[in-house]
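To start, the structure itself, in structure tokens.
The values are calculated or read from the model by the stated rules, or taken from the named source; none is laboratory data. Just so it is clear, the structure is predicted and the values come from calculations on it, not from any experiment. Using ideal geometry, Cβ is built from the backbone for each residue, glycine included, and neighbour counts are taken over all protein chains shown. Please note that ligands, DNA and RNA were not included when accessible areas were found on the heavy atoms of the full protein model with its side chains. Shrake-Rupley method; radii C 1.70, N 1.55, O 1.52, S 1.80 Å.
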Amino acid sequence: MRSLSGYVFSAPALVLLFVFLLLPTLMALYYSFTNYYLLLPDQTEFIGIENYARLLKDKLFLRSLGNTFLFVGLVVPLQTITALTLALLVNQKLGGIRWFRAAFIAPVMTSMVVVSILWTFIYNPTNGLANAVLGIVGLGPFEYLTNPIQAIPSIVLMSVWQGAGYQMMIFLAGLQDIPEHLYEAASIDGASAWQKLLHITLPGLRNVIVFVGLITLIAATKLFIQPFVMTQGGPLDATKTLVYMVYEEGFKFRDVGYSSAIAIVFFVIVLVISIIQRKLLKETQES
């Protein structure tokens with residue numbers, strides 16, 4: 001009877017998971033083996049692995065894959081280090097420190113679309129704030145979003161500014177969980193602030209660092225809004241990512257079959273990352 005009651009209460013959630021998660025995944029998997037064109041659904045045919053074979057020859061797909069990994073490789077360590085630094089700052093027992101916490105978390109509460117539009121104006125090469133400030137010290141001007149080399153680093157900088165506050169709060173919770181007597185004992189022994197950081201703070205945050213790094217990595221692989229709003233995948237496809245390509249192939253070019261194949265590849269990448277995440281978290285919890 002208890003089992004039946006459990007299924008009854010969980011039924012709404014299970015139905016939603018099936019309709020909005022499992023069913024679309026299964027449909028994408030099926031369409032990835034077809035030539036489904038959005039405007040000609042009646043002419044859909046099963047073509048086997050042709051879409052996946054096409055991926056291996058598609059230079060744009062390989063470029064998008066490389067751009068995704070480049071963004072991940074830049075944003076994950078930079079955002080993690082920035083969040084940890086901010087957490088160390090706002091963990092100080094100073095007057096008005098709550099205002100700083102609110103200021104650092106505010107960008108996270110703002111829509112990414114709004115933030116992207118704001119930073120597009122900041123990055124404007126002619127009258128943007130970024131070049132105006134750097135010009136005071138004799139730097140620039142830079143073509144942030146119109147230069148293929150500078151585009152991804154510019155989006156990385158904006159993404160770190162927007163998202164570091166969320167990881168900061170996680171780090172802050174971890175810092176406040178470290179016993180205070182460890183720092184007191186280290187102070188009695190004459191340890192410097194740097195020694196306390198290396199031998200108390202970082203070991204005490206080991207599990208938190210792994211967790212933050214992995215959730216940031218998974219979120220970074222889904223990069224879409226920033227290039228969609230700020231660069232439309234340009235310049236010269238320098239900011240086109242896997243998720244952006246899924247959108248473009250499916251909704252702009254109406255090639256749903258090929259778009260689904262890209263989505264399945266992306267799903268496999270995220271799945272592998274999630275498995276690694278579970279393994280690393282399990283190891284850190286056991287050690």
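Remarks
- Among all residues of segment 264-276, there is at least one that is modelled with pLDDT of 90 or more and open to solvent by less than 30 Å² (accessible area, probe 1.4 Å).
- Test result for residue 56, within 29 Å of residue 225 (Cβ to Cβ), part of a helix (DSSP H, G or I) and modelled with pLDDT under 95: yes
- Boolean, residue 283 is over 29 Å from residue 44 (Cα atoms), open to solvent by 10 Å² or more (accessible area, probe 1.4 Å) and of a type outside the set (A, V, I, L, M): yes
- Filtered residues of segment 33-53 (kept if of a type in the set (A, V, I, L, M, F, W, C) and either in contact with a Leu (Cβ under 7 Å, 6 or more places away or on another chain) or not in a helix (DSSP H, G or I) (or both)): 33, 38, 39, 40, 46, 47, 49
- Scanning segment 140-152 turns up at least one residue that is outside any helix (DSSP H, G or I), in contact (Cβ under 8 Å) with a residue 24 or more places away in the chain and of a type in the set (S, T, N, Q).
- Residue list for segment 147-162, filter: surrounded by fewer than 24 Cβ atoms within 10 Å (Cβ to Cβ) and touching a Gly at 6+ places or on another chain (Cβ under 9 Å): 148
- Members of segment 138-160 found to be among the small types (Gly, Ala, Ser) and at pLDDT below 95, listed by number: 138, 140
- Identity of the residue in segment 36-80, of a type in the set (S, T, N, Q) and open to solvent by less than 60 Å² (accessible area, probe 1.4 Å), that ends up farthest from residue 213 (Cα to Cα): 44
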